[in-house]
Each structure stands twice: as C-alpha cells, then as structure tokens.
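Trainee: The structure is given below, and queries will be raised subsequently.
All of the numbers you see were taken from the coordinates with simple rules; none came from a lab. No experiment lies behind these values; they were computed from the predicted model shown. Virtual Cβ from ideal backbone geometry, glycine too; neighbours counted across all protein chains shown.
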Amino acid sequence: MTRRSRGREVALQVLYQLEQNSGVVTPDVRRFIDRRLLRDRDLAAFTLGLVEGVRQHGPAIDEAIKEVAENWRLDRMAAIDRNILRLGAFEILHRPEVPAKVAINEALELAKRYSTAQSSRFVNGILDKVLQNRDSAEGERPADEAAADPDVETAPEAATPPAAVEEGPGA
C-alpha cells in the first residue's frame, strides 16, 4: 500500500465517522488522523485535505453522483460505498493533479477492502460516469493527465494489441 493509499483509507474512515456522528469536531478529526498515520505530517495534511475537500464540496459532489447513479438514490446506497464515491468523485472533480485513473483505482481498492464483492463494480461504474460527465463538460481531456503528482501511483495501462499491418498488393 502506498503512502497516499493509506491516507485515502484514513480519509474514508473519517468521512464515514463524520456521517455517522456529525458531532465530531475538527480537533478530534486531526487527532484521529495523526494517530492513524503515525504523525507523518505530510501524509496527515494530504488526508485532512481530502476530508475537508469532500466536506467543502459535498453538495456538488453528491449532485455529480446523483446525476449518474441510475436507479439509485444517494441515501439508499450503503454508507461506506457512498463515502468511497464521494472521495473518488472529489479527486476526479477537484484534484487535477491526481490522474482520474488513479482516483478510480484507489476507490476500487477501498471498495474491495471495506465493502461487498459487488461494490467495486458499482463504484467503478459510477465514478467512470462522473469522469465522463466532467470530460464532456470540459471538452477534451488533458493530453497528459498522469504527469501531475510524483507521489501518486499511476494506473496500469490496459494492454493494447499491436495494430494490424495492412499489406498492399506489392507485399
């Protein structure tokens, strides 16, 4: 598990906790993050940034998820899946330095670890549609989305078969 993956895992735990108990105050959140990340200041700042970003952009993130979640109301989704989606959507929509493929793959790993067997497919489908909506709203995708953050693992590229070579009449 990479450092940032660990930070996302702790951010998910905090988001879930905040949803279940809205009375949790910021100093308690910071203490929880510090303890879970063994006082790694940089990673704690990254994690707190995720939590605060999801909270700050919550209504817009929820709306982006609702737009693409066919036949699913947000309040009917499992709480852990809902928070995984919020975290992934936040990174896709508001963290341009994180390649979208990485944000989706990280969300899939969280779903596999913390939710049901079917959740990773569900999360993948929703976040892929959020990404498509973002890209269609922005026009073309950036040419090199992966060049952004050296601490973020890049998603493995799908194997592409070599192009078939057409042979002309003289070959």
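Trainee: Could you please rank Asp42, Asp34, placing first whichever residue has the fewest other Cβ atoms within 10 Å of its Cβ?
Mentor: So the ranking, lowest neighbour count to highest, is Asp42, Asp34.
Trainee: Beyond 18 Å, what percent of the Cα pairs of the range 3-143 remain?
Mentor: On the way: 5221 of 9870 pairs.
Cα-Cα pairs in the range 3-143 separated by more than 18 Å: 53 percent.
Trainee: Can you put Lys112, Lys129 in order of Cβ neighbours within 10 angstrom, beginning with the fewest? Can you show the working numbers first?
Mentor: Details: Lys112 13, Lys129 16.
Arranged by neighbour count, lowest to highest, Lys112, Lys129 become Lys112, Lys129.
Trainee: Averaging the inverse of every distinct alpha carbon separation and then flipping it gives the Kirkwood radius. What is it for the range 29-84, in angstrom units?
Mentor: 12.9 Å
Trainee: Taking the Cα-to-Cβ direction at Arg31 and at Lys66 and moving 7 Å from each Cα, how far apart do the two end points lie in nm?
Mentor: Placing both labels 7 Å along Cα→Cβ, they lie 3.6 nm apart.
Trainee: Expressed in nm to one decimal, what extension gain is obtained for the pair Asn21 and Glu52 from 0.36 nm per residue of sequence separation less their Cα-Cα distance?
Mentor: Answer, rounded to one decimal: 9.6 nm.
Trainee: Right, here's the next one. In terms of modelled amide H atoms, which long-range or inter-chain residues lie less than 5 Å from the amide H of His57?
Mentor: The list, which skips near neighbours in sequence, is empty: none.
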